[in-house]
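Here's the structure, in structure tokens; my notes come after.
The values are calculated or read from the model by the stated rules, or taken from the named source; none is laboratory data. Here the structure is a predicted model, which means the values were calculated and not measured. All Cβ positions, even for glycine, are placed from backbone atoms using ideal geometry, and neighbour counts span all protein chains on display.
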Amino acid sequence: MAQETYPVSIRGELTEPPARGWWLIKWLLALPHYVILFFLWIAFVVVTIIAFFAILFTTKYPRGLFDFNVGVLRWSWRVGFYSYQALGTDRYPPFTLKSVDYPADLDVPYPEKLSRGLVLIKWWLLAIPHYIVTAFFQGGGGEHSQVGLTFIMAIFGAIAVLFTGKYPEDIFKLVIGMNRWGYRVAAYVALMRDEYPPFRLWD
């Protein structure tokens, strides 16, 4: 039986040849993006709250708000792919919400109709198992949060690049898989799709 494709997709194309030591300062180079994303994610939360009531009363996610939130996820993924969610490219991320020519991209097809009932429970109750998994991948939250497996594996890949000039393919696939899982859950709990995210790393 063919595996059904989930309607939230991320793409990440490994840059070749990778720079061996560039990853050591990417935290500094990405600072402008981190500042902008801080405010974009505040707006993302506000938009999601507005969308909650719009879906509850109309079953529609307002298209402009939907496109904005997809853009925030897309921008976040590009910065993550450049920095410590993947360390997959040395190309500096663009400052835009739109899909552009870049080694990393994200897409969420617009749903014409969403469930009033699911909007009440999917972002907290139904997503609990995924919260547990993604906390392990990303490091959880709170003042005692730990470094997540995604970050650790990306650093392993970067260290391999430092000594061998090559990002191990299996590590890269694992890093992409963990990120894919996380962004699918993010889109689901942000009320952008009704389809339940699959419990799988590979697509």
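For region 155-177: of the residues being under 21 Å from the mean Cα position of the chain (by Cα) and free of Cβ contacts under 8 Å to residues at least 60 places away in the same chain, which is farthest from TRP202 (Cα to Cα)?
Keep residues of region 155-177 that are under 21 Å from the mean Cα position of the chain (by Cα), which gives 155-158, 167, 169-177.
Those left that are additionally free of Cβ contacts under 8 Å to residues at least 60 places away in the same chain: 156, 169-171, 173-174, 177.
Working: PHE156: 20, GLU169: 14, ASP170: 12, ILE171: 13, LYS173: 8, LEU174: 8, GLY177: 6 Å.
Only one residue fits best here, namely PHE156.
Looking only at region 125-139, count every residue that is part of a helix (DSSP H, G or I), touching a residue at least 60 places away in the same chain (Cβ under 8 Å) and closer than 23 Å to ILE49 by Cβ and tell me the total.
Residues in region 125-139 being part of a helix (DSSP H, G or I), touching a residue at least 60 places away in the same chain (Cβ under 8 Å) and closer than 23 Å to ILE49 by Cβ: 2 in total.
Suppose we keep only residues that are small (Gly, Ala, Ser) and exposed (fewer than 13 other Cβ atoms within 10 Å of the Cβ) within region 140-178. Which one would you say is modelled with the highest pLDDT?
Here is the first cut: in region 140-178, the ones small (Gly, Ala, Ser) are 140-142, 145, 148, 154, 157-158, 160, 165, 177.
When the remaining residues are screened for being exposed (fewer than 13 other Cβ atoms within 10 Å of the Cβ), the result is 141-142, 145, 165.
Values: GLY141: 51, GLY142: 43, SER145: 46, GLY165: 87.
By that ranking, first place goes to GLY165.
Cβ-Cβ below 8 Å, separation at least six or inter-chain, first residue in region 10-24 and under 13 Å from LYS173 (Cβ atoms), second of a type in the set (Gly, Ala, Ser) and part of a loop (DSSP other than H, G, I, E, B): which pairs?
Short answer, once both residue conditions are applied: GLY12/ALA86; GLY12/GLY88; GLU13/GLY88; LEU14/GLY88.
Taking region 106-124 as the region of interest, how many residues are assigned to a loop (DSSP other than H, G, I, E, B), surrounded by 11 or more Cβ atoms within 10 Å (Cβ to Cβ) and of a type outside the set (Phe, Trp, Tyr)?
6
If you go through region 78-107 one residue at a time, how many are basic (Lys, Arg) and in contact with a Pro (Cβ under 8 Å, 6 or more places away or on another chain)?
Total meeting the criteria: 2.
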